Amino acid sequence: MAVAADVWHDQAAGTWLLQTHSTGYAFGLADAGAALRHLHWGPGLRAEVPAALLAVAGGEPPRWDRSRSGARELPDEYVPWGGLRFDEPSLKAEYADGTRSTEWRYVAQRLARQAATVTLELDFADTAYGLTTTLAYRVYDGFDVIERWAVLRNGGGHPVAIRQAHSANWWLPDRARWRLRYLHGGWGAETRLAEATLGPGKLVLESRRGTTSHQFNPWFTLDPGGQATEDNGEVWSGALAWSGSWKLVYELTSAGHLHACGGLNDFDWMVRLLPGDKIVLPSFPALYTDGGFGAASREWHAWARAHVIGRGDRTGVAGPRWRASAALRSPSPEASSGGRPEDGSTPGAGQPGPGPRLRPVLYNSWEATSFAVTQDGQERLAERAARIGVERFVVDDGWFRGRDNDHAGLGDWTVDDTKFPYGLGPLVKRVNGLGMSFGLWVEPEMVNPDSDLYRAHPDWVYHFAHRTRTEHRNQLVLNLARPDVAEWVFGQIDRLLTENNIEFIKWDMNRPFSEPGWPAEAGRNPERIWVDHVRSLYSILDGLRAAHPGVEFESCSGGGGRADLGILGRAEQIWTSDNTDAWDRILIQEGFTQVFPPQVMMAWVTDSPNWWTERRASLRFRFHVAMAGALGIGGDLSRWTEREMAEAAELIATYKLIRPVIQHGRLYRLASVTTDPYGACQYLTDDGTQVVILAWWGPSSSGGGRPALRLAALDPGARYTDADSGQEYWGAELLHEGLPLPGAIRGDFVSALVRLVRRAS
Ligand code: GLA
C-alpha cells in the first residue's frame, strides 16, 4: 500500500523530517538560523531522531570540521558563498555595491498538502540586501523520490547579479569509496553507462551545449564501496529536470565528506535580477533505496509515469505560457499575429490524473525516404504500414518549402507544394482513413541561412558582433530568449496544429549552441539566454499542449540529445538514438532505462543491413529489441517482402498483447550484454499476474550450452503458464532454477520472447 508522504517539523528543535514511502530525509536550523544543516538521508527515521542528530551536528562535531585548512566543511543544505567555505557553493550573488558574498537568516516556512504531495518551502533572507532564497522540497505519496529546487527573489531596490545558483545540494552519509555511475555518449551512442570511484576532489559532469546533450546526461547513482548490484544494496540516485546547459559536481571534500550538487551551468551564465524579479531554478529530484540499481530504476519509472510525463510545469520553472491569440485560432492561414504570453504557471500542472496512455505503434518515414517525401510516396508507405498494424503514421523531415536536403528550408514552416500540391490535408485524410493518427516532424528552434526567415530576420539567431556564425548541419539557433521570436515559433506550430488534424509532433533540435550572443542586449544581461531559451521552449510547449490537448509530443535532438525529466513534462516519448542498429540499441536502451521508463523509449525496427553499422540481423531480432520500449517501424516498407510483411504483422500483434506489461509494468534487468553472455529484461505487471521476458544473444560463441534464465520478483508458491507453449512452472522453479529458454540458441543475433501468466490459484 502506498504510504502517505509527510513532513514533520519540530519547532522547538528547529528540525524537519521528510518522510517518503520508505525513506527519511532530515535537516535542521543551526548557527541561530544562519544555516540549514543536513542531518540524514537514508532509511526512515522516528520523528524525534532529527532533533537528537542536530544536537550533535549543530555543535559542529570534529567529524565535520577536522580539516586543518580552516575551512568550515559543514553539511549545509544549500551553501551561500562566503566566509571560510571552499567547497562547491550553491549560490554566488553579487550586490549592487560590489559585495559578492551572502549571509542569511531563516525567516519562514510554508507547508502545503495537495493531492498526493506535500511541499515544504523555507525562506532565507539576506541579512543586508533584499535577496530571499526559498529552498523547496516536495515528497510524493507512495514514492521515495524527494524533489528539490530553489527560488531566488530580489525584494530589494537594486539589481542583484546571480552568478551561480544550484537547484540542490545533496549530502551523502560518510562511507568509504563511493562509486559514481553516470550516462555518457555521443551521436548514435547515447546513454552508455560509465562508472568511476570517487577520490578526493571534484568530478564535474556537464553540458555547455545549450541542451541536455548526447555527451552526458544529468542522472547519477552513488553507492558506497561499489557494492550495490542490480538487485541489492544501498543506492542514492538523482536526475536533474532541465533541458539546457547543466552542471553536476561530485565532491569528496578534503575532510572526506561527499556531496552531489548542481543545476544550471554557471559557465558564461549570469542573471541580473532587477527589483521584484525572481528566478525559479530547475527541479532536482533524488531518491534512496536499499534494493540496488534495479529498484532505483523502477522508482524513477513509476514516479515519472505518475508525476512527470506530460504533466507540464511542476515547480514554476517555465516562463509565461504562450497561448493562441484569437486571430490565430481562426482558420485563416493568412493570420499573422502569434501567441500572447499568459502569466503564471500552468493551472492544474503537476496534478495527478490518469497515467500516461499506452504508446501507439508508430511508423516514421525518415530512414525510408530521407528528404524525398511526396504525397504519393507517403501514401504508399502509409498503406503498407496500416496493413501490418501500425497505429500512427509520422512524416519526418522534408515536407516543407525548400527542404530537399539539410542545406535549406528550416524556418519556413509552410508545406512544399511541389511535394504536396494540395497541402497536407489529403495525406492526413488518407492516413486517418487507414485507421491511423497523423504525426509530423518539426525543428522549430532552428533556421537555415538559406531560408526566407533568415533573409528577413538575420538578427533572430544567437550571434556575436564581428564573429563567425558557426553553422552545424548548415543551421543556426533561433534566439528563443527574445519574446518576438518565441511568439513567432509558438504561432508557427500552433498554426500547423490548427490547420491540420495532427495528433503527434516530433520536436527535433539538431545542433548545440555556439556564439550565444544577443548584441541588442549588450550591457543588459544577454548571458541570460542559456536559461531563458529553455524556459521559453517549456512555455511554448506548455502553451501548445494546453491549446491542443489531443496532441502528443516526442522529444528528439539528433537522436537522444534532449532526454531529461524536464522535457518529459512536455513530451510523451523520447527518440532514443538515430542509431537503430538492434545490437547497439541493447546497450543504449540499458542506459536509457536506468532513469526513463520503457514507455517513453521510442524504438524503431529498421532495415537490414542497418544503414549506419551495416550489421545484418533477422526481422525477429530487430523486433524483439524494439519491443523493449515503445515500438515503432522505421524501415522502407515498400521493399519489405510479403513474408516480411506477414511476420511483421504477427510481431506487431504480439506487441499489442504485451504492450501494457512492457509500458506500464516493472522492469527487471536480468542480464546485461556487457557482463553476461546475453542480455535479458523481465517486465511484470503491478499485480504480478503477467510476465514478459525478452532475451537477446549477440555473436555466438561455442560451448555456451542452452542457458536457463533466472527470473525476478515472482511468487515462489504460484504457478505460471507459458502463454504460447502452455508449459507450466512453479514460481520457485523460475526464481531459482530459471526459465529454460525455448528453441535452439544458435547463430548470431538471436532472441527470445516469453509470456507467462500467473494461474489464479
Ligand atoms: C535528426 C533526427 C532524425 C531525423 C532527422 C531529420 O537527426 O534524430 O530522427 O528526424 O533529424 O533531419
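Values computed for the structure shown
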{"quantity": "Those residues of the range 356-375 which are more than 16 Å from the ligand (Cβ to nearest atom), open to solvent by 20 Å² or more (accessible area, probe 1.4 Å) and farther than 14 Å from residue 430 by Cβ, in sequence order", "calculated": "356, 357, 358, 360"}
{"quantity": "Filter result for residue 578 (within 12 Å of the ligand (Cβ to nearest atom), open to solvent by 20 Å² or more (accessible area, probe 1.4 Å) and at pLDDT 95 or above)", "calculated": "yes"}
{"quantity": "Selection status of residue 482, without any contact (Cβ under 8 Å) to a residue 40 or more places away in the chain and among the basic types (Lys, Arg)", "calculated": "yes"}
{"quantity": "The range 211-228, residues that are at negative phi and surrounded by fewer than 17 Cβ atoms within 10 Å (Cβ to Cβ)", "calculated": "227"}
{"quantity": "Hey, residue 193 assigned to a strand (DSSP E or B), surrounded by fewer than 21 Cβ atoms within 10 Å (Cβ to Cβ) and of a type outside the set (Gly, Ala, Ser) or not", "calculated": "yes"}
{"quantity": "Only one of 623, 553, 592 that is at pLDDT 95 or above and more than 23 Å from residue 393 (Cα to Cα)", "calculated": "592"}
{"quantity": "Of all residues in the range 539-563 being part of a loop (DSSP other than H, G, I, E, B) and within 16 Å of the ligand (Cβ to nearest atom), the one that is nearest to residue 634 (Cα to Cα)", "calculated": "559"}
{"quantity": "Scan of the range 655-684 for residues that are touching a residue at least 24 places away in the same chain (Cβ under 8 Å), in a loop (DSSP other than H, G, I, E, B) and open to solvent by 10 Å² or more (accessible area, probe 1.4 Å), ordered by number", "calculated": "672, 673, 674, 677"}
{"quantity": "Pick from the range 376-419, criterion among the polar types (S, T, N, Q) and within 15 Å of the ligand (Cβ to nearest atom), ranking: least open to solvent (accessible area, probe 1.4 Å)", "calculated": "378"}
{"quantity": "Unique residue being among the hydrophobic types (A, V, I, L, M, F, W, C), assigned to a helix (DSSP H, G or I) and within 16 Å of the ligand (Cβ to nearest atom) when the list is 588, 652", "calculated": "588"}
{"quantity": "Selection count where residues are of a type in the set (Val, Ile, Thr), farther than 26 Å from residue 84 by Cβ and part of a loop (DSSP other than H, G, I, E, B), scope the range 223-268", "calculated": "1"}
{"quantity": "Count of the range 594-614 residues which are more than 16 Å from the ligand (Cβ to nearest atom), outside any helix (DSSP H, G or I) and open to solvent by less than 10 Å² (accessible area, probe 1.4 Å)", "calculated": "4"}
{"quantity": "Conditions (1) assigned to a strand (DSSP E or B); (2) touching a Leu at 6+ places or on another chain (Cβ under 8 Å); number of the one not met by residue 476", "calculated": "(2)"}
{"quantity": "Close pairs (7 angstrom Cβ cut-off, 6 or more residues apart or separate chains): polar (S, T, N, Q) in the range 128-152, surrounded by fewer than 24 Cβ atoms within 10 Å (Cβ to Cβ) and outside any strand (DSSP E or B) anywhere", "calculated": "132/155"}
{"quantity": "Yes/no for residue 508 being within 16 Å of the ligand (Cβ to nearest atom) and charged (D, E, K, R)", "calculated": "yes"}
{"quantity": "Failed item in (1) crowded, with 23+ Cβ neighbours inside 10 Å; (2) outside any helix (DSSP H, G or I), with residue 494 passing the rest", "calculated": "(2)"}
{"quantity": "Selected residue [open to solvent by less than 40 Å² (accessible area, probe 1.4 Å) and either over 18 Å from residue 395 (Cβ atoms) or within 16 Å of the ligand (Cβ to nearest atom) (or both)] from 527, 487, 515", "calculated": "515"}
{"quantity": "Unique residue being closer than 22 Å to residue 409 by Cα, among the hydrophobic types (A, V, I, L, M, F, W, C) and surrounded by 22 or more Cβ atoms within 10 Å (Cβ to Cβ) when the list is 436, 509", "calculated": "509"}
{"quantity": "Check on residue 281, under 28 Å from residue 156 (Cβ atoms) and at pLDDT 95 or above", "calculated": "yes"}
{"quantity": "Residues of the range 453-470 that turn out to be open to solvent by 50 Å² or more (accessible area, probe 1.4 Å), in a loop (DSSP other than H, G, I, E, B) and in contact (Cβ under 8 Å) with a residue 40 or more places away in the chain, as a count", "calculated": "6"}
{"quantity": "Test set (1) over 25 Å from the mean Cα position of the chain (by Cα); (2) outside any helix (DSSP H, G or I) - residue 426 fails condition number", "calculated": "(2)"}
{"quantity": "Selection from the range 269-298 of residues that are assigned to a helix (DSSP H, G or I) and open to solvent by less than 30 Å² (accessible area, probe 1.4 Å)", "calculated": "292, 293, 294, 295, 296, 297"}
{"quantity": "Residue check, residue 714 in contact with a Leu (Cβ under 7 Å, 6 or more places away or on another chain), more than 21 Å from residue 591 (Cβ to Cβ), in a loop (DSSP other than H, G, I, E, B) and at pLDDT 95 or above", "calculated": "yes"}
{"quantity": "Verdict on residue 384 being closer than 23 Å to residue 630 by Cα and within 30 Å of the chain's Cα centre (by Cα)", "calculated": "no"}
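Per-residue answers, yes or no, for (1) farther than 18 Å from residue 296 by Cα; (2) touching a Lys or Arg at 6+ places or on another chain (Cβ under 6 Å); (3) buried (at least 16 other Cβ atoms within 10 Å of the Cβ):
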| position | (1), (2), (3) |
| --- | --- |
| 168 | yes, yes, yes |
| 209 | yes, no, yes |
| 230 | no, yes, yes |
| 235 | no, no, yes |
| 238 | no, no, yes |
| 248 | yes, no, yes |
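The values are calculated or read from the model by the stated rules, or taken from the named source; none is laboratory data. Because the structure is predicted, anything quoted here is derived from the model rather than measured. Please note: Cβ atoms are built from the backbone with ideal geometry, for glycine as well, and neighbour counts cover all protein chains shown. When the accessible area is computed, the model is the full protein with side chains, heavy atoms only, and any ligands, DNA or RNA have been set aside. Shrake-Rupley method; radii C 1.70, N 1.55, O 1.52, S 1.80 Å.
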